[in-house]
Amino acid sequence: MRVNIYLSLCLAWLPAWLWAQKQPLPPPINTAAIEYAPTVSADGRTMIFETNRNNGKWELYVSYLRDGKWTTPEPIDSVNAYGSETDLIGGPSISYDGNTLYFFASFKNGYGREDIYYSQRIGNKWSKPKNIGPIINTPAYEGFPCISADGKTLYFIRESTNEDNKIITRGDAICYRIFVSEKGKDGEWQKPYPLPIPINLGCEKAPRIMSDNVTLIFSSIREGGIGEFDLYLSRRNEEGDWSTPILMDFASTPERDQFASVSASGDLLYFVTKDDIYTVPIPPKFRQNRNITIQGYIRDGETKQPLSAHVNVYNAETTERLMRLENNPSDGRYTIVLSEGKRYTIEIEKPGYTVYFFEFDLRKLDKYQEFERNIELFPTAEVYINTIDRLIFEPIDAQIIALKQGGGGQQIAQQQTKNGRSSLKLPIGGTYQIKVQADNYIDTTFVIDLNKKVQYNVVEKDAILRPKTKEYEIVVKDLETGEGLPFTVVLVNRNRNEVITLDENSSSTPGYYKLPIRESDEYELEVRNPVGYTFYSDKNPVISAKDPNRKKVIELASLKVGTKLTLNNIYFETGSAELSDASENELKKVIELMQRNPTLKIELAAHTDDRGSEAFNLQLSKARAQSVFNYLKKFGIPEERMVPKGYGKSQPVVPNDSDENRAKNRRCELIVISI
C-alpha cells in the first residue's frame, strides 16, 4: 500500500494538543493482545469490543465506566460460547438504547461464511445469538453491523468484488462496500442496497451512524488519505443525499484507523489504531448534531414490576412518527436519543395499559443533556362516579353497576355510592356500560371507553339523574272575582334543599301554573308579595304528588275595609296567651303586609271555643290579641295602626260540636279597618 508521504510528513506538524489528547485506553482495556471494534452505548457508560486475548480466539468483551474508570472487561459468555472454539466473533455494535447487541460471526448453520447476528439484553446478561435472517445475510460475507438510534436502519459491509467476482484488495487490505437495510412498515428488514458515491468508492469498511441519524463515520482507502484505512465523515441532508466525505485528520495516522464509535454526547471519539482502542476529543466541526439522551425504566404502576412497552417518538408539529422502539422487558429500561431542531412528543404505550406522553422542545438546544424519566403505566383505571340530582345539582346515593360491552355484557363491578360518590377499578382495554340506579330517580346509563388510548389512570364521571315527577297544578286567584293573580309562588321542598319559584314568566295565563314535582317529596307553598291582597295563610300549606287531584287553589282577598283573614298558623300554649315559636312564620307575613302597605290599619281579633266560662274565654282572647299586638309592635309596626280585641266564644264560625270544629273556632283574625 502506498502512503501519501506528504500527508505523513504533515502529521509531524499537527497541533500538539491533538497529539497530547489522542490516547490509548489504559489497562485493563488495552492489553498485549489485540483490542478491536469498540462500541459504546448512548450514555457512554458501556463499551463492548472484540479481542483475541483468550488464547487467540476472537470474542466479545464488555466493560463499564464507573467513577471515571473502565472496569475489567468480562467475556460475554452467552455469545462467545454459542459456537465452536474456532468461530470468529467480531464487529460488535450496541444499539443506542443498550438493549440489542449486533455482531457478525462464523457460526455453523448460518446463511454464509460470516453472518450478522444479534442478542437481547436480559438484565446484565445477553441472550443467545439469533441470526438476523436471509434478507441481510447471503452465502458470502456480511460484517461489522451498526444500528441507527431510531432502530430503523442497519449499516454493514460486504466484500467488494470486481467484474470477475474476485475480492478487491489494496495491498494486504481487503476492500468492502457499505450496505444499508431499512425496516419496513411491518417491522421486517428490507432488501439491502449499497450506499452510493461518494460513500462507496470501492474500498470502505466499518460504518458507524451517529446518534443524530445523519452523521456517518467510516474507514476508507481513497485518494487524499494519510494511511491505509483512514476515518472519514459524511452527512446526509434532508433530501437523503450524502455529502462528500471529509478526512477526520485529527484522528488519522499512517496506520489503519477504523471502527469509530461516539456516544450521544458527541464529544469523544473511540477508534482503533495499532491494534488498540484510542480516544480523542472531537473538534467542533466534526461533531454530530447536538442531542439529548432520555433514559429510565417503564414499570407497572400497580405491581412496580418491569414492563415491556413501545416507545414512539413523533414530530410534535407534523405528528409524523419518527421512531418506534422497544424497551428491555427484563428490567424495563429504555433509552431515547433525540437530535436538535425539532419539538418531539414521546409516547409510551402497551396494550392493556394506560398511555404516557411527554414532550421535549429541542429547537434551541445549545448543548448535550441527559434526562432520567421513569414511567409508570397502569393496567386499570380508577373510575370515580359522582351521582348528582339533575334539578338541584346535589349528590345523591345510588347503585352503580358496570357491564363489559361485548361477550354477553358480563357484570364486572357493583358499588353503592357514599355521599354521592363511588369508585370502580376497570381494566384498561375494555369498553364498559355503566348503569346508575337510585330510588325515586330514572335510571341512567353511559359508556366508559377504556379501549382507546387512555392517558390517565383516574377518570371522573358525573352521572346526572332525573327525579321521577308528576305534573301538579297551582292556581292563585282573586277570592271574589275568581280572576288569576300573577303573584310569585314559592315551593320549598321539605325533603331536600330545593326551592321552586313560579312567576309571571312561568305561565302564559296569569295565576295558573303547571309544573313537575317529585313523586317522593312534599312541598310547602308560599305566595310572595301579593300587592293589594292579603297574604296566603293555610293550616297545611303542603302539596305532594300523592294528592288525589294534584291541584292546589289559592284564593286571596283584596285589601279593602272589612276584609277578614284568618291567621291559620298562630299558636299559643294551652290556656295561655304566650305565643309559641311555631307562630313566627305567620307573624312575619303580617309584618311584611304592614310594611308593604304603610297606611294599612288593622284589627287583631282573637276568638276561643266554648270550653270554659265566658269571662275566662273573653279575658284569654283579649290577652292573646294583645300578645300579637306586642309582637308586631316589637318589630316596628306602629301601635296606632293596630287595634287588639278579644271576642271570647261569642263569634264561632262553625258549631262547637266536635274537636275539629272547636279547633276552627280557636282563631286569630286580621280585619282591615282602613287603607
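Taken together, the criteria exclude Arg158 from residues that are assigned to a strand (DSSP E or B) and at pLDDT below 95. The residues on offer are Gln595, Gln619, and the sole one that is within 60 Å of the chain's Cα centre (by Cα) and not charged (D, E, K, R) is Gln595.
Taken over segment 114-132, the criterion of being surrounded by 15 or more Cβ atoms within 10 Å (Cβ to Cβ) and of a type outside the set (Val, Ile, Thr) is satisfied by Glu114, Asp115, Tyr117, Tyr118, Ser119, Gln120, Arg121, Trp126, Ser127, Pro129, Asn131.
Entry remark, segment 415-471: residues being closer than 15 Å to Pro351 by Cα and not hydrophobic (A, V, I, L, M, F, W, C) number 11 in total. Every condition in (1) touching a Gly at 6+ places or on another chain (Cβ under 6 Å); (2) assigned to a loop (DSSP other than H, G, I, E, B) holds for Phe104 except the one numbered (2). One residue is enough: does segment 312-320 have a residue meeting the conditions aromatic (Phe, Trp, Tyr), within 22 Å of the chain's Cα centre (by Cα), modelled with pLDDT of 95 or more and surrounded by fewer than 19 Cβ atoms within 10 Å (Cβ to Cβ)? No - not one qualifying residue is present in segment 312-320. Scan segment 32-80 for residues that are assigned to a loop (DSSP other than H, G, I, E, B) and of a type in the set (A, V, I, L, M, F, W, C) and the total you get is 5. Any idea which residue in segment 255-269 is surrounded by the most Cβ atoms within 10 Å (Cβ to Cβ), counting only those that are touching a residue at least 60 places away in the same chain (Cβ under 8 Å) and assigned to a strand (DSSP E or B)? Checking each candidate, the answer is Phe259. With respect to (1) part of a strand (DSSP E or B); (2) closer than 16 Å to Lys452 by Cβ, the lone exception for Pro351 is condition (1). Looking across segment 215-226, the residues that are at pLDDT 95 or above and either in contact with a Ser or Thr (Cβ under 7 Å, 6 or more places away or on another chain) or buried (at least 23 other Cβ atoms within 10 Å of the Cβ) (or both) come down to Leu216, Ile217, Phe218, Ser219, Ser220.
Among the candidates Asp249, Asp212, the residue that is of a type in the set (Asp, Glu), touching a residue at least 40 places away in the same chain (Cβ under 8 Å), part of a loop (DSSP other than H, G, I, E, B) and surrounded by fewer than 21 Cβ atoms within 10 Å (Cβ to Cβ) is uniquely Asp249.
Annotation note: of Lys350, Lys342, the sole residue that is touching a residue at least 40 places away in the same chain (Cβ under 8 Å) and touching a strand residue (DSSP E or B) at 6+ places or on another chain (Cβ under 7 Å) is Lys350. Within segment 136-155, the set of residues being assigned to a strand (DSSP E or B) and not β-branched (Val, Ile, Thr) comprises Tyr141, Gly143, Phe144, Pro145, Cys146, Leu154, Tyr155. Within segment 634-647, the set of residues being in a helix (DSSP H, G or I) and surrounded by 15 or more Cβ atoms within 10 Å (Cβ to Cβ) comprises just one member, Arg641. Inside segment 19-61, residues that are touching a strand residue (DSSP E or B) at 6+ places or on another chain (Cβ under 7 Å) and either within 24 Å of Ile282 (Cβ to Cβ) or among the hydroxyl-bearing types (Ser, Thr, Tyr) (or both) make up a count of 26.
All conditions but one from (1) free of Cβ contacts under 8 Å to residues at least 40 places away in the same chain; (2) assigned to a loop (DSSP other than H, G, I, E, B); (3) on the phi < 0 side of the Ramachandran plot apply to Gln455; the one that does not is (1). Please tell me if Ile392 is aliphatic (A, V, I, L, M), out of contact with any Phe, Trp or Tyr (no Cβ under 8 Å at 6 or more places or on another chain), in contact (Cβ under 8 Å) with a residue 40 or more places away in the chain and farther than 29 Å from Gly296 by Cβ. Against the criterion (aliphatic (A, V, I, L, M), out of contact with any Phe, Trp or Tyr (no Cβ under 8 Å at 6 or more places or on another chain), in contact (Cβ under 8 Å) with a residue 40 or more places away in the chain and farther than 29 Å from Gly296 by Cβ), Ile392 qualifies.
So that you can scan it fast, the table gives a plain yes or no per residue for (1) part of a strand (DSSP E or B); (2) under 19 Å from Arg496 (Cβ atoms):
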| residue | (1), (2) |
| --- | --- |
| Ile400 | yes, no |
| Leu403 | yes, no |
| Gly406 | no, no |
| Gly409 | no, no |
| Tyr432 | yes, no |
| Asp439 | no, yes |
| Val447 | yes, no |
| Asn451 | no, no |
| Ile464 | yes, yes |
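Asp150 falls short of the stated requirement of being touching a residue at least 60 places away in the same chain (Cβ under 8 Å) and loosely packed, with under 13 Cβ neighbours inside 10 Å. For segment 539-554, filtered to residues that are in contact with a Leu (Cβ under 7 Å, 6 or more places away or on another chain) and not hydrophobic (A, V, I, L, M, F, W, C), the residue that is nearest to Leu565 (Cα to Cα) is Pro541.
The values are calculated or read from the model by the stated rules, or taken from the named source; none is laboratory data. Quick caveat, the model's predicted, so the values are computed rather than measured. All Cβ positions, even for glycine, are placed from backbone atoms using ideal geometry, and neighbour counts span all protein chains on display.
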